[in-house]
Every structure is written in structure tokens, then in C-alpha cells.
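Some notes on the structure that comes next.
The values are calculated or read from the model by the stated rules, or taken from the named source; none is laboratory data. Remember, it's a predicted structure, so these values are computed and weren't measured experimentally. Positions of Cβ are backbone-derived with ideal geometry, glycine not excepted, and every protein chain shown enters the neighbour counts. When the accessible area is computed, the model is the full protein with side chains, heavy atoms only, and any ligands, DNA or RNA have been set aside. Shrake-Rupley method; radii C 1.70, N 1.55, O 1.52, S 1.80 Å.
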Amino acid sequence: AGKHYFESETLGPPERDLLAPLIEAGWQSGVQVHPVLGLGGDIGLGHGLYEPPLDYHDVPEWALSWPCAAWGENHERSVLVANELVEVYSPLGLHLDYSRFPDAEVVRENPCSCVRCQRARLRWLGKPYPEPQDLRKPGVVFKEMQMRMEFVRSFVESMRGVADYHGIELSAAVRGRYYEDALEEGQDWADWCIDGLVDVICPLSFTLSFGAFAKLVAQHRRLVVDTPVQWMEGIGLRNSDGRLDFDAFERQVIFSGEAGAEGVCISDAGLLGDEELTLLSELAGG
């Protein structure tokens, strides 16, 4: 909602500072706290936003306030905020989220028509915006996705530079469905892993179905194997389909470890009960 809860000259006065006590509590309890940044609310509304075409349909309101990755000014704003966070709070890492274009269901039929995206298309398409018949051509779809990937990768590279400068880790929560969602949204996280742009990758496999979860985990293992990146499988305690009960949660956590994941990324922590915390502690050797 355009609010932030940490000190920042770039963003102005915070609603209140919640990050300082979290960092302090983390140091006291041996838990690392990595602030979350991305092309979302944490950097404000940004300079250039996603814009649907004039004749659009099924574009949710939240997408209209999404900072577009085509704007270097948005990258710069994130870098400024990230630098401030590290210098003021001294976290041991930064965590990327929403480092992509809006959801595939949105951009598939409504590619961004902001000034920067239109200008980029003039080079490879010869016109600022693809027409419906263009989007039925595999070559045009490929070039459109490639354009988004280049913009998003540039953002991640900027954040990698911040992490390297300060000597801290960079992790990223990414879309669990690599082919169906991530690539269309410009989030080619498999290439990020190959090139070592992040230290930890967290593909979010939020599903109640163990079969669907197992298929995603197998895919993630294939994509991250032999890369220099730590793999933490993402598990959602709650999603649009409902709440994950403890038995299903335990099964997903154990399966992730057996498949080779070095840990799990749980969303959201507020739903972790005594059973879940005990399980995680036991598996971590605590």
C-alpha cells in the first residue's frame, strides 16, 4: 500500500521502524534477517509502471501499480534503497521478490505498453506494440519474452552488485512453474543460477497436491543441479486452494530434502505452529 517499515532517505519517513527490532531479535536468537526488495511496494510506486494497451481486458487493478522492469530508474531506486538498508541495519543478506513483470495471465494477452517497452519493440518488431495476430507467431512471442528477460536480468544484476559490494548474500523467491509463469514474466531464474547471479534460489511450489508438488520439485532439481546456487524449495502453508495440514506439510518438507534441496522456504511464518516448528528444528539438527 505504498508504506514502508524501515528508515530510508530515498523513500522518506517510514510508517514505523519494524526492521531494527527484527534485526536485533535475529542477532540475539541466531536467526538471520534478510530484508525483502523487488519490483513491488518496497520501492514505492516507481518511475515507470506497467501499462496495458488501450484496448485491454482482464487486467487486475494491482497490475496497474507494478513498476516496470524496462525502466532503469526503477532499478536505480531499488539499488539506493538496498544500499541504505545495508548501511543502516547491517543484514547478512538481501532477498528478492516480485523480480519480474506482472503475472503471465496478465501479460500474455496484454503486453506492457509503457514508453520504454514500446521503444524496445521498435528495434525488433518494427512497431511499438504487437497486434493479436503477431502474438500468435512463435517468433514474436519468443522475442517479447526475451525482451522481458533482459530487463529483469538487468535488475537482478544491479542487486547482485549491491550484494557483492557489501559482501552479503543475495537470495530470490521465484515462480515455481518455470515454463508456465516465470519465463513469460521475464524471470529466467534458471539462467540466474547458471551464471551465479544469486546465492540462494527459492522456487515457490505453493500447492496442496503432493503430486503437483513432486513434479515441480523434480523440475527444480533438474534446473539447479550443477549450478553454484543453494536451492531452498518454497512451501506455501496457505494458498488460494486452502490450508496445508501438518501431514501434508511434513511430507512436502521431507520430500524436498530427499530430492536434494538444501532447505525449505516457508510462506508464511505467521502460520507456523508448534508441530511445524518442531519438525523443522528436528530436520535442521536442532
Task: Complete set of residues in the stretch 1-24 that are open to solvent by 50 Å² or more (accessible area, probe 1.4 Å), among the hydrophobic types (A, V, I, L, M, F, W, C) and farther than 24 Å from residue 199 by Cα - done: 1, 18
- [ ] Among what's in the stretch 112-148 and is farther than 18 Å from residue 55 by Cβ and aromatic (Phe, Trp, Tyr), pick the residue that is least open to solvent (accessible area, probe 1.4 Å).
- [x] 124
- [ ] Look through the stretch 49-76, keep the residues that are over 17 Å from residue 147 (Cα atoms) and within 17 Å of the chain's Cα centre (by Cα), and return whichever of them is least open to solvent (accessible area, probe 1.4 Å).
- [x] 63
Open item on the list: Looking at the stretch 228-239 only, could you name the residues that are assigned to a loop (DSSP other than H, G, I, E, B) and either at positive phi or open to solvent by 30 Å² or more (accessible area, probe 1.4 Å) (or both)?
Closed with: 228
Open item on the list: Any residue at all in the stretch 165-179 that's part of a helix (DSSP H, G or I) and open to solvent by less than 10 Å² (accessible area, probe 1.4 Å)?
Closed with: no
TODO: Please go through the stretch 240-286 and pick out each residue that is part of a helix (DSSP H, G or I), among the small types (Gly, Ala, Ser) and surrounded by 10 or more Cβ atoms within 10 Å (Cβ to Cβ).
DONE: 248, 256, 257, 259, 281
